[in-house]
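Presented below is the structure to which this report refers.
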Amino acid sequence: MAHTDYPLSYYAATATPAPQRPRLFGEVETDVCVVGAGYTGLSSALFLLESGFRVVLLEAAKVGFGASGRNGGQIVNSYSRDIDVIERNLPTEQARLVGDMAFEGGRILRALVARYNIPCDLKDGGVFAAFTSRQMAHLQAQKKLWERYGHDQLEPLDERDIRAVVGSQRYVGGMLDRSGGHIHPLNLALGEAAAVEALGGAIYEQSPAVRIEYGAEPLVHTPAGRVRAKFVILAGNAYLNDLVPELAAKSMPCGTQVIATEPLDETLAASLLPQDYCVEDCNYLLDYYRLSAERRLIYGGGVIYGARDPQDIIAIIRPKMLRTFPQLRQVKIDYAWSGNFLLTLSRLPQVGRIGDNVYYSQGCSGHGVTYTHLAGKLLAEALRGQAERFDAFAALPHYPFPGGRLLRVPFTALGAWYYNLRDQLGV
Ligand SMILES: Cc1cc2nc3c(=O)[nH]c(=O)nc-3n(C[C@H](O)[C@H](O)[C@H](O)COP(=O)(O)OP(=O)(O)OC[C@H]3O[C@@H](n4cnc5c(N)ncnc54)[C@H](O)[C@@H]3O)c2cc1C
């Protein structure tokens with residue numbers, strides 16, 4: 001891995017102080033070796049430790065180095081494709097189980113924050129913002145769908161209502177999810193890591209898993225050590241690269257970029273987002289934004305298939321921000337960074353086992369803050385021998401990308417161009 005320190009993000013600049021964690025030298029023995037210290041790995045570790053497992057976590061760089069320490073911080077319910085798609089892809093009973101879990105990740109996240117007293121600027125309320133009446137109709141259908149699964153937190157916003165919560169002229173309406181919200185994502189990851197250690201888990205940083213010997217007692221090798229475990233959990237997501245070729249073959253890393261303005265004065269900040277909700281729009285290639293605790297506007301958007309880092313992030317994201325909030329023309333951008341999420345062809349997460357004792361969860365395709373916390377719980381349940389909910393997820397089909405490694409980027413970009421064009425034309 002070329003870079004092993006945090007990118008120069010607003011989050012890294014305001015991170016909760018964390019201890020220097022050791023590299024792994026020599027052999028250690030444990031019940032579960034978790035590869036990757038993002039939310040998937042950290043929440044798995046927490047639930048396993050709470051159940052009495054011994055856990056060793058290997059992190060190639062630093063806790064929260066991946067998407068978990070760089071994201072928009074938006075707590076969004078359900079999955080990157082909604083429950084209706086799951087209903088079409090699974091038998092009724094399993095679809096019901098997965099649908100019932102669509103709102104659990106956010107609850108898990110909040111419970112962990114409360115249980116371990118994690119300071120991460122948690123705020124309630126998220127808005128889906130619609131540009132067209134077609135998108136509004138889609139949101140109404142989503143409300144009905146979510147209500148069928150017991151989620152009664154959605155409140156429709158007409159054109160006047162949305163102006164009262166988002167100071168932009170762009171939208172015809174939207175939907176407020178009272179149980180959405182936002183967090184300082186890196187501080188959430190760092191708080192979870194501290195909780196892992198408080199429960200007796202070991203975290204090794206700068207310790208990439210470079211090879212796995214599969215078998216009755218898998219061995220996970222790092223450059224200077226190895227972990228012998230009963231179980232392995234692969235939680236490297238878009239940063240796992242080719243460690244496990246069969247996982248790489250059915251997913252594609254994608255980059256997305258975020259900027260943070262200078263701190264805004266109170267009046268200006270309140271004119272943009274008076275209730276301090278986070279917002280994501282309803283386009284296929286969506287923009288997402290919110291205020292930080294010190295009233296910076298954190299604005300993200302854009303997707304680079306294949307995850308190259310763009311040269312000039314501000315040149316990509318600032319024009320998007322100004323289309324939403326032209327009143328910010330004079331405002332300085334203090335930070336700009338990029339991060340990778342893992343796309344799957346179905347845009348649904350991939351969950352499963354390799355052999356009997358190597359488990360994985362990956363590919364939440366953009367919306368992962370809540371799902372990864374659910375995944376941690378499901379992985380821990382499965383290792384405890386209660387795999388019904390894990391298996392329902394694992395039954396979702398995993399498709400390879402058309403075009404293989406060579407052509408998956410241009411093919412997917414073409415598909416996205418089509419959906420983006422439809423959004424731009426409002427059809
Ligand atoms: C810029 C950006 C904005 C986003 N905004 C949002 C948002 O607002 N809301 C939302 O719901 N989702 C958002 N997402 C998605 C969300 O952040 C991710 O889905 C989620 O954080 C993935 O968590 P993870 O633990 O699975 O993976 P990651 O957080 O990427 O963690 C994987 C970790 O594994 C480590 N690793 C990889 N390979 C190895 C190895 N071989 N050995 C040891 N360690 C390894 C990496 O270094 C990394 O720390 C965003 C993503 C990005 C990139």
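The values are calculated or read from the model by the stated rules, or taken from the named source; none is laboratory data. These numbers were taken from a predicted model, which means no experiment stands behind them. So basically every Cβ, Gly included, is an ideal-geometry build from the backbone, and we count neighbours across all protein chains shown.
Of note:
- Within the stretch 310-319, not a single residue is part of a strand (DSSP E or B) and farther than 30 Å from Pro91 by Cα.
- Of the residues making up the stretch 356-382, those that are more than 14 Å from the ligand (Cβ to nearest atom), closer than 15 Å to Leu48 by Cα and either free of Cβ contacts under 8 Å to residues at least 40 places away in the same chain or part of a helix (DSSP H, G or I) (or both) are Ala380, Glu381, Ala382.
- Out of Phe390, Phe341, sole residue that is crowded, with 19+ Cβ neighbours inside 10 Å and either assigned to a loop (DSSP other than H, G, I, E, B) or free of Cβ contacts under 8 Å to residues at least 40 places away in the same chain (or both): Phe390
- Within the stretch 141-157, tally of residues that are part of a helix (DSSP H, G or I) and over 17 Å from Glu280 (Cβ atoms): 5
- Output for the stretch 35-60, where each listed residue is of a type in the set (Ser, Thr, Tyr) and either within 7 Å of the ligand (Cβ to nearest atom) or in contact with a Gly (Cβ under 8 Å, 6 or more places away or on another chain) (or both): Tyr39, Thr40, Ser43, Ser44
- Among (1) more than 14 Å from the ligand (Cβ to nearest atom); (2) over 30 Å from Gln142 (Cβ atoms) - the single one Asp100 does not satisfy: (2)
- Arg353 being part of a loop (DSSP other than H, G, I, E, B) and over 14 Å from Ala260 (Cα atoms): no
- Residue within the stretch 301-309 that is in a loop (DSSP other than H, G, I, E, B) and in contact with a Cys (Cβ under 6 Å, 6 or more places away or on another chain) present: yes
- Hits in the stretch 250-290 - residues which are outside any strand (DSSP E or B) and at pLDDT below 95: Lys250, Ser251, Asn283, Tyr284, Leu285, Leu286
- Counting the residues of the stretch 254-306 that are surrounded by fewer than 21 Cβ atoms within 10 Å (Cβ to Cβ), in contact with a helix residue (DSSP H, G or I) (Cβ under 8 Å, 6 or more places away or on another chain) and under 30 Å from Leu234 (Cβ atoms) gives 6.
- Annotation: Gln362 fulfils all but one of (1) outside the structural domain of Val35 (by TED's automatic domain parsing); (2) within 21 Å of the chain's Cα centre (by Cα); (3) modelled with pLDDT of 95 or more; the unmet one is (1).
- Any hit, the stretch 64-78, residues being surrounded by fewer than 20 Cβ atoms within 10 Å (Cβ to Cβ) and either at pLDDT below 95 or more than 19 Å from the chain's Cα centre (by Cα) (or both): no
- Spans of strands (runs of 3 or more DSSP E) in the stretch 158-249 with at least 1 residues farther than 30 Å from Glu280 by Cα: 202-204, 211-213, 219-222, 225-234
- Conditions (1) closer than 30 Å to Glu155 by Cα; (2) more than 11 Å from the ligand (Cβ to nearest atom); (3) crowded, with 22+ Cβ neighbours inside 10 Å; number of the one not met by Arg178: (3)
- Of all the numbered requirements in (1) within 25 Å of Gly301 (Cβ to Cβ); (2) buried (at least 23 other Cβ atoms within 10 Å of the Cβ); (3) more than 21 Å from the chain's Cα centre (by Cα), Val55 misses one, and that requirement is (1).
Matching residues to (1) among the hydrophobic types (A, V, I, L, M, F, W, C); (2) without any contact (Cβ under 8 Å) to a residue 60 or more places away in the chain:
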{"site": "His221", "(1), (2)": "no, yes"}
{"site": "Arg226", "(1), (2)": "no, no"}
{"site": "Val232", "(1), (2)": "yes, no"}
{"site": "Leu240", "(1), (2)": "yes, no"}
{"site": "Lys250", "(1), (2)": "no, no"}
{"site": "Gly255", "(1), (2)": "no, no"}
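- Within the stretch 98-143, tally of residues that are among the acidic types (Asp, Glu) and in contact with a helix residue (DSSP H, G or I) (Cβ under 6 Å, 6 or more places away or on another chain): 1
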